Amino acid sequence: MEVKEKISYLEKMSKQIRRDIVQMIGPNNKGHIGGSCSMAEIISVLFFDEMNVRPVDPEWEGRDRFLFSKGHAALAQYAALAELGFFSKDEFKHLKTLGAMLQGHPETRTPGVEANTGSLGQGLSIACGMAASLKIDKKPNRIFCVMGDGEQAEGQLWEAAMSAANFSLDNLYAFIDKNRVQATGFVNDRYKTDPLDKKWEAFGWFVQEIDGHSVKEILAAVDRAKRETGRPKLIIADTIKGKGLSFAENKAAFHNGLMTEKEYTQALQELA
Amino acid sequence: MGNQRTAYGDTLVELGKKYGDIVACEADLGKSTMSCLFQEAYPERYFEMGIGEQNMVSFAAGLSFAGKVPFIHTFSAFLVGRAYEQIRVSICLGKKNVKVIGSSYGLSDYGDGATHQSFEDISLLRSLPNMTILTPVDAYETKKLTEAAYALEGPVYLRINRNDMPELYNGDEKIEIGKPVVMREGKDAVVFAHGIMVSKALEAAKLLYEKGIDVKVVNVNTIKAAGMESLKNYLGSAKAVIAAEEHTIFNGLGSLIEHELRGTDIPVELVGIEDRFGQSAENYDVLLVEYGLTAERIAGKITQMLK
Ligand SMILES: Cc1ncc(C[n+]2csc(CCOP(=O)(O)OP(=O)(O)O)c2C)c(N)n1
């Protein structure tokens, strides 16, 4: 594909991811809209371009692994997995109902989900272990892991950060979805985690900061990261929580929010 | 119906007005635990700790050294689970005066699934010396036990349910830590229960009464406390005992009762969560049924035991 075509395709898929997120939750139900929508472009680039995966063979040995350390954004991953054919979009309507394949937080019962996450702070450590395991087996597979900026308060992340640098895990690509809002308000009003770039650099990581809604910048940052060897890589993505839904953008109320019928209709119009 | 979370939040604000030594800590779930009410009222006595539960627990222990009385909040799963060893060493070992508020315990956070559901919390904390463990049955008892938790010097774990629940008291009863409350008299069998299972037990008692079986229901709002009253005092002429709880069958109320009744020949059956993790569901009731926490199951067990 031409670069331009690729970008417009991945932008189109980001919109599709957002539509699926909105439809999965539906009107009058609570769901993690904000932190799922802020991730759409990154998920689109990873799942529809960068990662090697086989939807018909979710456990294919050669696959790259994706982990949500901020597990509550699972809906964005569910949308991509279904789009790729890991499972049918019919599953969407059973989201979070008894016995459903699609749980409130990522579980390995869902094809394409690598680990159980959702308790913040644990995902990056699991990602480090997976990366280390691939390294001792001299395998080329890569691990991609997404964290939240509120999640940065978890001490375990910094233990993981140190271990990744200590073991020179250059097959590990982490992202911070820096949407500036946590569950109860703005990260900076609640509990400051900045300056993240300097902290991660000091912990031994190769760090880049980009516009997390620019497909072009995400593609470029991943390419640049691939050329870096000997240390783990972090991409800090500047994003907007609830991106794409005007009523939800930058609002903590839509962290795990409920759309009225009216908002639901509006959301689908805005994402048309 | 009433809501324990709002009852708790309001009570903490009232207590905060009377007692200047109360401080509160939160790990980014204040709008859910309702510690946000305390923050609005006394911002200078409120610490938002970010999403860092382990630090919060030991930080609170530190606050208590010079006489502050910290009430610390987040979901039970992330407080008791994530920060267990901090609770063990920073709080319980030194008998620090910290009130640990485990919100959304049990299956009550029905949508979020296994990671967020917490029904091994009693099991973990019951094993820790110096800990007091409380499960209020409704909004009124939440208020009373929150006040009692402040009055008691030492570590307290208070469990708060997420959902609206039936109010079982008139609102003038005396509630004390370590003192079970008889919610209904009966001579054939006793159900000891806490939390939502007290309502289920009362329903079961009603069902059985129609069949001529007379069931006593005891609300065990305290699972652990120094000098708590023996549950043996509540047996009367019962020929069957049930322990019903929204908790794993391991090391909760069921184990407490089995321990207390050892050496007697009164049969005990447990109605609790078998050896399973939680999961997402469309509402709380669907999960209670899936995990066998129902009036019918209690009634069925009693009927069988009395055969
Ligand atoms: C250990 C733990 N503590 C608390 C929570 C509850 N929780 C879920 S999401 C969230 C806020 C996350 O904020 P952030 O990391 O900024 O994510 P985003 O804004 O991208 O959704 C909280 C407190 C949790 N899931 N796990």
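The values are calculated or read from the model by the stated rules, or taken from the named source; none is laboratory data. Quick caveat: nothing in here was measured; it's all calculated off a predicted structure. Counting neighbours? That spans all protein chains shown, and the Cβs are built from the backbone with ideal geometry, glycine included. Heads up: the accessible areas ignore ligands, DNA and RNA and are worked out on the full protein's heavy atoms, side chains in. Shrake-Rupley method; radii C 1.70, N 1.55, O 1.52, S 1.80 Å.
Answer yes or no as to whether residue A:103 is open to solvent by less than 10 Å² (accessible area, probe 1.4 Å), within 16 Å of the ligand (Cβ to nearest atom), closer than 22 Å to residue A:34 by Cβ and within 14 Å of another protein chain (Cβ to nearest Cβ).
Spelling it out, residue A:103 is indeed open to solvent by less than 10 Å² (accessible area, probe 1.4 Å), within 16 Å of the ligand (Cβ to nearest atom), closer than 22 Å to residue A:34 by Cβ and within 14 Å of another protein chain (Cβ to nearest Cβ).
If you scan segment B:249-285, which residues turn out to be hydrophobic (A, V, I, L, M, F, W, C) and in contact with a Phe, Trp or Tyr (Cβ under 7 Å, 6 or more places away or on another chain)?
B:253, B:257, B:273, B:281
Give A:225, A:183, A:221 a once-over and let me know the one that is touching a Lys or Arg at 6+ places or on another chain (Cβ under 8 Å) and not in a loop (DSSP other than H, G, I, E, B).
From the options A:225, A:183, A:221, the qualifying one is A:225.
Could you check segment A:1-118 for helices (runs of 4 or more DSSP H) lying wholly inside it with 3 or more residues that are over 30 Å from residue A:152 (Cβ atoms)?
Hits in segment A:1-118: A:3-25.
Here are the criteria: (1) touching a residue at least 12 places away in the same chain (Cβ under 8 Å); (2) not in a helix (DSSP H, G or I); (3) not hydrophobic (A, V, I, L, M, F, W, C). Tell me which single one residue A:135 does not satisfy.
Going through (1) touching a residue at least 12 places away in the same chain (Cβ under 8 Å); (2) not in a helix (DSSP H, G or I); (3) not hydrophobic (A, V, I, L, M, F, W, C) one by one, residue A:135 breaks only (2).
Quick check on segment B:63-119: of everything there that is more than 14 Å from the ligand (Cβ to nearest atom) and among the aromatic types (Phe, Trp, Tyr), which residue is nearest to the other protein chains (Cβ to nearest Cβ)?
Per the stated criteria, the residue is B:110.
Go through (1) buried (at least 24 other Cβ atoms within 10 Å of the Cβ); (2) away from every other protein chain (no Cβ under 14 Å) for residue B:179 and report which single condition fails.
(1)
Given the conditions (1) more than 21 Å from the chain's Cα centre (by Cα); (2) part of a loop (DSSP other than H, G, I, E, B); (3) not acidic (Asp, Glu), which single one is not true for residue A:162?
(2)
I'm trying to understand the selection: among the residues of segment B:184-215, which are open to solvent by less than 20 Å² (accessible area, probe 1.4 Å) and in a strand (DSSP E or B)?
In the first step, residues of segment B:184-215 are kept if they are open to solvent by less than 20 Å² (accessible area, probe 1.4 Å); the result is B:186, B:189-199, B:201, B:204-205, B:208, B:215.
Passing the criteria: B:189, B:190, B:191, B:192, B:193, B:215.
Quick one: residue A:121 ticks every box in (1) surrounded by fewer than 19 Cβ atoms within 10 Å (Cβ to Cβ); (2) within 13 Å of chain B (Cβ to nearest Cβ); (3) not charged (D, E, K, R) except a single one, so which number is it?
That leaves (1) as the condition not met.
Please enumerate the residues belonging to segment A:150-173 that are open to solvent by 10 Å² or more (accessible area, probe 1.4 Å), more than 10 Å from the ligand (Cβ to nearest atom) and of a type outside the set (D, E, K, R).
Result: A:155, A:158, A:162, A:163, A:165, A:166, A:167, A:168, A:171, A:173.
Looking at segment A:225-272, which of its residues are open to solvent by 30 Å² or more (accessible area, probe 1.4 Å), basic (Lys, Arg) and within 23 Å of residue A:148 (Cβ to Cβ)?
A:231, A:243, A:251
Scan segment A:38-57 for residues that are more than 14 Å from residue A:83 (Cα to Cα), open to solvent by 10 Å² or more (accessible area, probe 1.4 Å) and of a type outside the set (A, V, I, L, M, F, W, C) and jot them down.
Passing the criteria: A:41, A:50, A:52, A:57.
Being among the β-branched types (Val, Ile, Thr), closer than 23 Å to residue B:130 by Cβ and touching an Asp or Glu at 6+ places or on another chain (Cβ under 6 Å) is true for just one of B:80, B:57, B:89. Which residue is that?
B:80
In segment A:194-208, what count of residues is obtained for those that are within 16 Å of the ligand (Cβ to nearest atom) and under 18 Å from the mean Cα position of the chain (by Cα)?
Count: 1.
In this structure, does residue A:149 turn out to be within 11 Å of another protein chain (Cβ to nearest Cβ) and under 16 Å from residue A:240 (Cα atoms)?
Working: within 11 Å of another protein chain (Cβ to nearest Cβ): yes; under 16 Å from residue A:240 (Cα atoms): yes.
Yes: the conditions hold for residue A:149.
Do we find that residue B:133 is buried (at least 21 other Cβ atoms within 10 Å of the Cβ), away from every other protein chain (no Cβ under 14 Å) and closer than 30 Å to residue A:102 by Cα in this structure?
The answer is no for residue B:133.
If we scan segment A:174-193, do we find a residue that is closer than 19 Å to residue A:64 by Cβ, out of contact with any Asp or Glu (no Cβ under 9 Å at 6 or more places or on another chain) and within 16 Å of the ligand (Cβ to nearest atom)?
yes
For segment B:230-248, how many residues are farther than 25 Å from residue B:208 by Cα and surrounded by 18 or more Cβ atoms within 10 Å (Cβ to Cβ)? Break it down stepwise before answering.
Here is the first cut: in segment B:230-248, the residues farther than 25 Å from residue B:208 by Cα are B:230, B:248.
Among the residues that remain, those that are also surrounded by 18 or more Cβ atoms within 10 Å (Cβ to Cβ) are: B:248.
Summing the residues that are farther than 25 Å from residue B:208 by Cα and surrounded by 18 or more Cβ atoms within 10 Å (Cβ to Cβ) in segment B:230-248 gives 1.
So residue A:82 passes all but one of these: (1) open to solvent by less than 20 Å² (accessible area, probe 1.4 Å); (2) under 26 Å from residue A:182 (Cβ atoms); (3) more than 11 Å from chain B (Cβ to nearest Cβ). Which condition number does it fail?
Checking residue A:82 against (1) open to solvent by less than 20 Å² (accessible area, probe 1.4 Å); (2) under 26 Å from residue A:182 (Cβ atoms); (3) more than 11 Å from chain B (Cβ to nearest Cβ), the one that fails is (2).
Based on this model, can you work out whether residue A:186 counts as more than 14 Å from chain B (Cβ to nearest Cβ) and of a type in the set (Phe, Trp, Tyr)?
no
Specify which of the listed residues (A:74, A:82) is modelled with pLDDT of 95 or more and within 14 Å of the ligand (Cβ to nearest atom).
Details: A:82 fails: within 14 Å of the ligand (Cβ to nearest atom).
Result: A:74 is the single residue among A:74, A:82 that is modelled with pLDDT of 95 or more and within 14 Å of the ligand (Cβ to nearest atom).
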